[in-house]
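The values are calculated or read from the model by the stated rules, or taken from the named source; none is laboratory data. Here the structure is a predicted model, which means the values were calculated and not measured. Note: ideal-geometry Cβ built from the backbone for every residue, glycine included; neighbour counts use all protein chains shown. For accessibility, only protein heavy atoms count, side chains too; no ligands or nucleic acids. Shrake-Rupley method; radii C 1.70, N 1.55, O 1.52, S 1.80 Å.
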Amino acid sequence: MKLEPEGCYRGARELLLPARSDAAHRGGAMSVVAERVLDPSSRPERDYADLKRRIVEAGLLEKQLPYYLVKFAVAFGLFAAAILVTLVTSNFAVQMAGAVLLAFALGQGGLLMHDTTHRQTNRPGTFNDFLSLLTGPCMLGISSEWWIDKHNRHHSHPNQLGQDPDIEIGLAFTPEQAREANGFLRFIVKYQAFFFFPLLLLEAFHLKLASVKFLRRNRSPHRLLETLLLSAHNVGLVVFAIWALGPWRALAFLGLSHALTGLYVGAIFAPNHKGMEMLEEDTPLDFFRRQVITARNVRRSWFNDMWYGGLNYQIEHHLFPNMPRNRLGEAQRIVRAFCRERGVPYHETGMLRSYKEVLQGLHASSAPLREPHLSAS
């Protein structure tokens, strides 16, 4: 069980016409990047290889299993603490605080599932599969195999129309997508910037439903095992909540924990690419530039590194998907300097600014639907 980075790297070995990005669009419309041919003497097909050599020489791709074992202990410790709260008190407010803590624990577990499926934690094999199953279906109730399938396609073609499943979610990331929305979805898209964060409250339910649909339709290597684990997770969680809290408090506990889990997970992933460059399906762009210009970093701090689980270094993560998260900060210095050498835009901003850019981009993309002649149709 693995996310296969070599599939992502394939583009680095192809001689493609590179494109340059105009950073002036940020905070406005999600523009489709235009092709521009670089100087004929440039060697864009070599850029990624040159960058990777510097990263390897710095030893930043070496596995960090002891670091991750600590992270696993913390995540499961938080999970256990949230469950324990429901058992030791009858105070409703404290029990709801336990639901909040559970959401945070599940978000941290989701980050660990992400890292194990990328093989950031350790080398592929039975132990890595075990960690993926432990965090995915066991802790989160999400299929690791489904996540791998979807996330592989995203990494190979970030923000690329017709290729990236993360921009085929019902919202509009270009004006053309907005114009194609029909029915009630058209109303949602029209005001999608206002609906975006409320919709994230449903994300945990969506992830679980998508996992079930995937396992029903696909013969993945761990299909039967994941089905059993997902069933045990969902049935066990409901039975435990009702037994510990009673039916009505259980409903409140499960509803709040799932809503906040979805909000947390969505808030982690939204700044990564939303509001950045959009690529046409046939855009001829080399791997290095494709990954850099479509991603946004959130400025480093001890809180951001913890909250985002290293995904605030989104550019570095996309360039080196199997790099351990505690090495991404060191890699940033190398990658940022390399981008400066090659004249490639490198976008980093603060947490609040990143969410502002996401919402501004969504609002600008749906603008055609707010034009009087379209609103009336």
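Some points to look at:
- Number of the condition not met by R53 [criteria: (1) closer than 17 Å to A331 by Cα; (2) in a helix (DSSP H, G or I); (3) touching a helix residue (DSSP H, G or I) at 6+ places or on another chain (Cβ under 7 Å)]: (3)
- Qualifying residue in the stretch 166-174 (condition: open to solvent by 30 Å² or more (accessible area, probe 1.4 Å), more than 24 Å from F320 (Cβ to Cβ) and within 16 Å of the chain's Cα centre (by Cα)): yes
- The set of residues in the stretch 145-165 being small (G, A, S) and over 14 Å from the mean Cα position of the chain (by Cα) consists of G162 alone.
- Of all residues in the stretch 29-58, exactly one satisfies the criterion of being among the polar types (S, T, N, Q), surrounded by fewer than 17 Cβ atoms within 10 Å (Cβ to Cβ) and modelled with pLDDT under 50, namely S41.
- The set of residues from the stretch 102-140 being in a loop (DSSP other than H, G, I, E, B) and surrounded by fewer than 20 Cβ atoms within 10 Å (Cβ to Cβ) comprises N122, R123, P124, G125.
- Some residue of the stretch 85-99 being part of a helix (DSSP H, G or I), modelled with pLDDT of 95 or more and within 18 Å of the chain's Cα centre (by Cα): no
- Matching entry among M276, M351 (being under 18 Å from the mean Cα position of the chain (by Cα), more than 26 Å from K63 (Cα to Cα), crowded, with 19+ Cβ neighbours inside 10 Å and not aromatic (F, W, Y)): M276
Quick grid of which residues meet (1) under 25 Å from L285 (Cβ atoms); (2) touching a helix residue (DSSP H, G or I) at 6+ places or on another chain (Cβ under 6 Å):
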| residue | (1), (2) |
| --- | --- |
| F173 | yes, yes |
| E176 | yes, no |
| R186 | no, no |
| F195 | no, yes |
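- Residue within the stretch 148-168 that is of a type in the set (V, I, T), part of a helix (DSSP H, G or I) and farther than 30 Å from Y191 by Cβ present: yes
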